[in-house]
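Trainee: Can you keep this structure in mind? I'll have questions shortly.
Readers should treat all values here as calculations from the given coordinates under stated rules, not as data from a laboratory. Since the model is a prediction, treat every value here as computed from it, not as a measurement. A quick note on method: Cβ atoms are made from the backbone with ideal geometry, for glycine too, and the neighbour counts reach across all protein chains shown.
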Amino acid sequence: MGVCPSARMAMLRDNFTGLLRLWDRPDVLTCTSWGAPIIWDGTFDPAVAQQEALQQNLTIGLTVFAVGRYLEKYLARFLETAEQHFMVGQRVVYYVFTELPAAVPRVALGPGRGLRVERVVRERRWQDVSMQRMRTLHEALHGRLGREAHFVFCMDVDQHFRSSFGPEALAESVAQLHAWHYHRPRWLLPYERDARSAAAVAPGEGDFYYHAAVFGGSVAALRGLTGHCARALQRDRERGLEARWHDESHLNKFFWLHKPAKVLSPEFCWSPDIGWRAEIRRPRLLWAPKEYALVRD
Ligand code: 2GW
Ligand code: MN
């Protein structure tokens with residue numbers, strides 16, 4: 001007694017749904033060797049995640065860099081689609097880092113959502129634009145961003161949201177499986193292999209290859225992550241080294257040493273160039289086509 005019949009029915013129903021969900025994705029790996037969930041469509045209940053997040057009254061930060069041509073080319077669509085799909089119903093603050101604050105498009109924001117623009121200097125080499133993000137993020141996480149957000153996602157701008165990217169993705173630290181590499185054997189993963197680099201991952205090491213286009217976590221965890229990567233990038237630079245995939249190589253080294261608490265399936269950041277895959281049910285972010293010839297001059 002004590003629980004009224006309708007509540008009991010609801011519990012039964014929820015547990016049954018929970019059970020079904022456990023069995024919903026036999027086609028993919030849903031748990032890492034260290035016990036972190038790998039979340040795929042069908043392995044979580046978005047409504048439950050939404051309720052849990054609302055009870056904690058969270059502010060969620062979303063950082064994005066838009067420097068040079070990437071501002072006019074990608075930022076508006078990134079922000080407009082984030083309004084439709086990123087953490088809808090939660091309190092969200094966007095942090096846009098650019099050298100040209102006046103050129104940031106005016107996107108209409110929903111209630112409880114704000115946008116801050118932070119000025120950054122424009123690096124001369126594109127590799128430095130990408131790598132400098134770690135230091136800039138580290139500083140921001142010790143400034144206003146770190147004070148006003150509980151959790152933060154850091155994303156590339158050359159992508160747009162296609163479906164819901166909600167609080168099911170939140171955790172102390174979050175890594176994104178790379179769409180091009182999630183099914184490859186470990187020895188084929190494009191880690192930095194030069195043992196002199198701070199990003200070096202030796203043969204036999206490495207869990208997955210993660211994509212630097214999406215990572216996230218609590219402010220404290222991200223202070224650690226960005227500090228580690230910024231220092232490692234600096235150390236390599238002083239030795240005249242540059243890791244194979246720049247900041248992404250260092251991010252992969254960090255997550256080898258400090259395992260993420262949650263892993264996002266490639267559905268969360270998918271490349272349409274890969275084509276159809278049975279296990280990719282509902283892509284949440286889609287990469288823009290790579291136009292290296294146009295932007296990497
Ligand atoms: C970058 C490369 C070549 C030419 C321009 C840029 C560039 C990058 C730029 O002119 N302006 C800019 O704001 N960015 C920012 O850096 C922007 O937020 C962009 O999404 C991010 C990373 O550059 P991106 O998206 O061209 O590189 P990807 O998609 O090949 O990224 C992966 O590898 C990178 C390192 O090489 C990063 O780790 C990135 O996080 C990965 O997704
Ligand atoms: Mn990108």
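Trainee: First check a/c for the stretch 233-297, with a ≥ b ≥ c the square roots of the eigenvalues of its C-alpha gyration tensor; if it is under 1.5, answer rounded, and if not, answer prolate when a/b is larger than b/c or oblate otherwise.
Mentor: Working: a/c = 3.67, a/b = 1.37, b/c = 2.68.
Oblate, because a/c is 1.5 or more while a/b does not exceed b/c.
Trainee: Quote to one decimal, in nm, the extra length available between Q56 and L188 on full extension: 0.36 nm per residue of separation minus the C-alpha distance between them.
Mentor: Extending this stretch completely gives an extra 43.4 nm.
Trainee: Pop the C-beta distance of R235 and R119 into the FRET formula with R0 = 30 Å and round what comes out to the nearest 0.05. It would help to have the intermediate numbers written out before the result.
Mentor: Numbers: r = 27 Å, r/R0 = 0.90.
Once rounded, the FRET efficiency stands at 0.65.
Trainee: Further question on the same structure: When a footprinting reagent is the concern and you count Cβ atoms within 10 Å, what order do I280, I274, I60 take, fewest first? Mind dumping the intermediate values first?
Mentor: On the way: I280 17, I274 12, I60 22.
Ascending Cβ contact count within 10 Å gives the list I274, I280, I60.
Trainee: Also, I was wondering about something else. Under the Kirkwood approximation applied to all pairs of distinct alpha-carbon atoms, what is the hydrodynamic radius of the chain in Å?
Mentor: Its Kirkwood hydrodynamic radius stands at 20.1 Å.
Trainee: Could you work out how much longer the chain between D45 and E172 gets when fully extended? Use 0.36 nm per residue separation minus the Cα distance between them, nm to one decimal. Walk me through the intermediate numbers first.
Mentor: Working: separation 127, 0.36 × 127 = 45.72 nm, distance 1.89 nm.
Difference between extended and current length: 43.8 nm.
Trainee: Could you identify which residue out of G146, G68, G204 has the top mean-square fluctuation in a GNM of the chain using Cα springs shorter than 10 Å?
Mentor: Answer for the Gaussian network model of the chain: G204.
Trainee: Shifting gears a bit: How far apart, in nanometres, would the label points at L29 and H150 be if each is projected 7 angstrom from Cα along the Cα-to-Cβ direction?
Mentor: For the pair L29/H150, the computed spacing is 3.1 nm.
Trainee: Which order do the peptides 95-104, 226-235, 165-174 come out in when sorted by mean C-beta neighbours inside 10 angstrom, highest first? Spell out each step's value before the answer.
Mentor: Numbers: 95-104: 16.9, 226-235: 20.0, 165-174: 22.1.
The peptides rank, most packed first, as 165-174, 226-235, 95-104.
Trainee: Based on alpha-carbon centroids, what's the gap between the stretch 177-206 and the stretch 230-279 in Å, whole number please?
Mentor: If you average the Cα positions of each part, the centres end up 9 Å apart.
Trainee: Work out the length of the dipole vector of the chain about its Cα centre, built from +1 on the beta-carbon of each Lys and Arg and -1 on the beta-carbon of each Asp and Glu, and round it to the nearest 20 debye. Spell out each step's value before the answer.
Mentor: On the way: 39 positive and 33 negative charges, 70 e Å.
Charge dipole of the chain: 340 debye, to the nearest 20.
Trainee: Sequence gap at least 6, Cα distance under 8 Å: using those rules, report the relative contact order of the stretch 193-297 to the nearest whole percent. All intermediate terms of the calculation are to be shown ahead of the outcome.
Mentor: Working: 82 pairs, mean separation 26.3, N = 105.
Across the stretch 193-297, relative contact order equals 25 percent.
Trainee: Can you run phi through the Karplus equation (6.51, -1.76, 1.60; θ = phi - 60°) for the stretch 192-206 and list ³J(HN,Hα) in whole Hz, with x for Gly and Pro?
Mentor: In residue order, the calculated couplings are 5, 10, 6, 4, 6, 7, 5, 8, 4, 10, 6, x, x, 9, x Hz.
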